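Trainee: Supplied in structure tokens, the structure appears directly below.
What follows is calculated from the coordinates using simple rules that are stated; it is not laboratory data. Please read these numbers as outputs of a predicted model, since none were measured by experiment. All Cβ positions, glycine included, derive from the backbone under ideal geometry; neighbour counts span all protein chains shown.
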Amino acid sequence: MIYRKYYGICQICGTEISYEEMTIDHIIPLEAGGKNELANYQCACRTCNRMKGTMMQDEYYMHITEVFWYLTEKKCGKEFTEKLYRLIQNL
Ligand SMILES: [Zn+2]
């Protein structure tokens, strides 16, 4: 039911996944008071579900954004990330 409801799309990264690859993610984690009920389930790939862990989805997106900026600066330097940040701000 969950797989069909979300057309086999991971609701965290947007990747199309097979039924075998699907995991069921708690939209509101149990640790945050979420319930074990259909309305709180979404289709997620294993990688996203494992990495999201007990975070809320917005919190997870903020976290991976911080990881992106950290790794980009580490790989390309502070000047590049500052230029990229300014470019994004002007979109
Ligand atoms: Zn995913």
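Trainee: Would you work out the Kirkwood radius for the chain? I mean one over the mean of 1/r across all pairs of different Cα atoms, in Å. Write down the numbers at each step before the final one.
Mentor: Values: mean 1/r = 0.0676 Å⁻¹.
Over the chain, the inverse of the mean reciprocal pair distance is 14.8 Å.
Trainee: Can you tell me which aspartates and glutamates have their Cα less than 19 Å from the Cα of K5? Leave out same-chain residues fewer than eight positions away.
Mentor: Straight-line reach from K5, under 19 Å: E16, E20, E21, D25, E37.
Trainee: If I model a spin label at N40 and Y3 as a point 7 Å from the Cα along the Cα→Cβ vector, what separation in nanometres do I get?
Mentor: A separation of 2.4 nm, rounded to one decimal place.
Trainee: Per 0.36 nm of contour for each residue apart, how much would the distance between R86 and T65 grow if the chain were fully extended, relative to their Cα-Cα spacing?
Mentor: Value of the extension gain: 6.0 nm.
Trainee: Also: If you find the alpha carbon centre of segment 35-91 and of segment 3-21, how far apart are they in angstrom?
Mentor: 19
Trainee: Magnitude of the Cβ-charge dipole of the chain, K/R +1 and D/E -1, about the Cα centre, nearest 20 debye?
Mentor: Result for the chain is approximately 160 debye, rounded to the nearest 20.
Trainee: Order the peptides 70-77, 41-48, 7-14, 83-90 from the highest to the lowest mean number of other Cβ atoms within 10 Å of their residues.
Mentor: On the way: 70-77: 11.9, 41-48: 20.0, 7-14: 15.4, 83-90: 9.8.
Top of the packing list down: 41-48, 7-14, 70-77, 83-90.
Trainee: Hey, what did segment 1-54 get for relative contact order, percent, Cα under 8 Å, at least 6 apart? Don't skip to the answer; put the middle values down first.
Mentor: Working: 77 pairs, mean separation 20.7, N = 54.
Value for segment 1-54: 38 percent.
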